Amino acid sequence: MPAKPTSEVVASERCCRSRRCVCGQRSEKSIKRRERAPYEIYIPMIRHFDRIILISPGGRSGGGGIGSVTDGIARWIEINDVDVRVSVLDPRGEGTVLLSPLYLISAFVQAIFLSIISRRVIFHVQVSERTSVIRKGIFVFLGRLLRKRTILHHHGAEFESFYLGANQSLMLWTKSIVTMAHVNIVLGRKAAEFLVDIVGATPSRVCVLPNAVSDLRSHVQSIRQRSVSASHPQSGATNLLLLANLSPRKGVSEFLAALSELHAEGIPVHAVLCGGGEINRYRQEARQLGLDDDVVEFTGWVNRDEVRSILARTDVFVLPSFNEGLPMSILEAVSAEIPVVTTPVGAIPEVFTDGVNCLLVPPGDSQALKSAINKLISNPRLAKALTANARALYQDNFALESYMERLQTIYADGGCPKHPTR
């Protein structure tokens with residue numbers, strides 16, 4: 001006669017028939033859904049939590065690079081069915097600033113409600129600088145008050161200058177939320193050293209986790225195959241792309257000056273400046289340099305599908321910034337196998353090497369920028385080699401799958417993951 005199952009076995013079997021299994025096993029339905037997931041890496045660390053609350057400006061669709069990071073995290077968790085619910089809250093909004101207080105109050109109330117209905121919660125707070133520190137600090141305090149694991153994820157390229165130039169009250173507020181968070185995620189070693197040495201963060205609570213993006217290569221290749229002429233809208237011209245919120249910090253004037261020099265030398269180029277910001281200012285500046293609409297195109301803000309279409313007809317990606325974290329746009333370009341010309345600022349030189357997987361030029365040097373662009377135009381073999389090396393770097397360090405493996409280690413309090421090396 002078979003032995004009667006113990007109460008522990010019965011409880012385990014009952015538990016594992018549900019989707020939210022707490023005994024370490026997974027239901028048959030959950031396993032089948034996992035088998036259909038497109039990613040191979042699955043680390044069940046965050047199954048110890050019921051919900052992840054992502055506090056992100058603009059939610060999943062806005063907020064520039066921060067929005068892309070937020071959407072990538074949420075999408076990965078949803079697709080891989082790791083038995084964790086994801087809630088993305090927008091504390092700022094994308095419209096007029098007059099509505100920002102309403103967005104902030106709404107996000108605050110939702111965060112409290114979600115923390116009540118889901119006992120085991122992670123607060124993942126995306127922050128940049130200036131007023132973002134004030135808004136997001138409220139959620140760091142809330143997370144700690146509710147005794148939830150709280151992650152403060154830093155994206156601000158100008159955080160250092162903001163902190164050093166802040167008044168005493170704002171500096172104290174910033175220091176408080178940095179030291180209060182269970183973990184501070186930064187994009188590079190320089191940012192980590194600043195938090196520890198200047199702001200006063202505990203070293204064990206600062207983790208370096210460079211950004212990651214979804215692989216765009218197949219999407220871009222598919223678009224190119226559907227439209228053979230898409231890669232050269234102007235016959236014989238090399239297509240350049242600057243994808244950013246157009247502002248002095250992004251080196252837009254230097255890019256236009258380099259473009260003017262190339263055009264004056266008779267080198268056929270077509271540049272797309274893609275993004276919002278000071279469009280009218282730079283359109284006027286382009287005209288003053290003698291660059292007409294056949295040479296320079298301003299698209300304004302575009303959605304992610306439009307970005308993929310523009311990448312599909314891009315030959316060289318250019319981002320001559322004066323200050324950065326680790327730009328999502330560069331990672332998207334290398335994932336799509338497009339050679340990159342950029343500047344050694346922020347975390348960029350920590351992971352990219354000049355002449356190996358990109359070309360680096362000094363910020364503010366339009367002549368060096370022109371020479372680097374011309375070098376890729378005149379030397380296709382170099383462009384191909386840089387592209388191949390950058391693609392390998394992306395696959396090893398910046399693919400979304402490996403990023404999520406590292407992030408789950410942080411979520412589960414498993415220490416800081418290893419920093420990608422060049």
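The values are calculated or read from the model by the stated rules, or taken from the named source; none is laboratory data. Since the model is a prediction, treat every value here as computed from it, not as a measurement. Here the Cβ positions follow ideal geometry from the backbone for every residue, glycine too, while neighbour counts run over all protein chains shown. Ligands, DNA and RNA are stripped out before the accessible areas are found, and what is left, the full protein with its side chains, is counted by its heavy atoms. Shrake-Rupley method; radii C 1.70, N 1.55, O 1.52, S 1.80 Å.
At a glance:
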item	result
Residue within region 294-302 that is under 28 Å from Ala399 (Cβ atoms), open to solvent by 60 Å² or more (accessible area, probe 1.4 Å) and not β-branched (Val, Ile, Thr) present	yes
Val341 vs. criteria open to solvent by less than 30 Å² (accessible area, probe 1.4 Å) and assigned to a strand (DSSP E or B)	yes
Selected residue (only one of Leu240, Leu195 is crowded, with 21+ Cβ neighbours inside 10 Å, touching a strand residue (DSSP E or B) at 6+ places or on another chain (Cβ under 8 Å), at pLDDT 95 or above and under 19 Å from Leu376 (Cβ atoms))	Leu240
Contacts under 9 angstrom Cβ, first residue in region 253-265 being of a type in the set (Ser, Thr, Tyr), partner crowded, with 19+ Cβ neighbours inside 10 Å and assigned to a helix (DSSP H, G or I), 6 or more apart	Ser253/Tyr282; Ser253/Ser366; Ser260/Ala286; Ser260/Ser366; Ser260/Lys370
Scope region 164-192; condition surrounded by fewer than 20 Cβ atoms within 10 Å (Cβ to Cβ) and under 25 Å from Tyr403 (Cα atoms); matching residues	Thr179, Met180, His182, Arg189, Lys190
Residue ID - surrounded by the most Cβ atoms within 10 Å (Cβ to Cβ), chosen from residues in region 344-358 that are farther than 17 Å from Glu160 by Cβ and not β-branched (Val, Ile, Thr)	Cys358
Leading residue by the ranking (most open to solvent (accessible area, probe 1.4 Å)) among those in region 148-163 that are in a strand (DSSP E or B) and farther than 15 Å from Leu187 by Cβ	Arg149
Qualifying residue in region 272-285 (condition: on the phi > 0 side of the Ramachandran plot and not charged (D, E, K, R))	yes
Residue count, region 110-147 (criterion: polar (S, T, N, Q), under 27 Å from Gly165 (Cβ atoms) and outside any loop (DSSP other than H, G, I, E, B))	3
Residue list for region 34-89, restricted to those being of a type in the set (Phe, Trp, Tyr) and either at pLDDT 85 or above or in contact with a Cys (Cβ under 6 Å, 6 or more places away or on another chain) (or both)	Trp76
Residue list for region 297-336, restricted to those being in a helix (DSSP H, G or I) and closer than 12 Å to Asn245 by Cα	Ser329
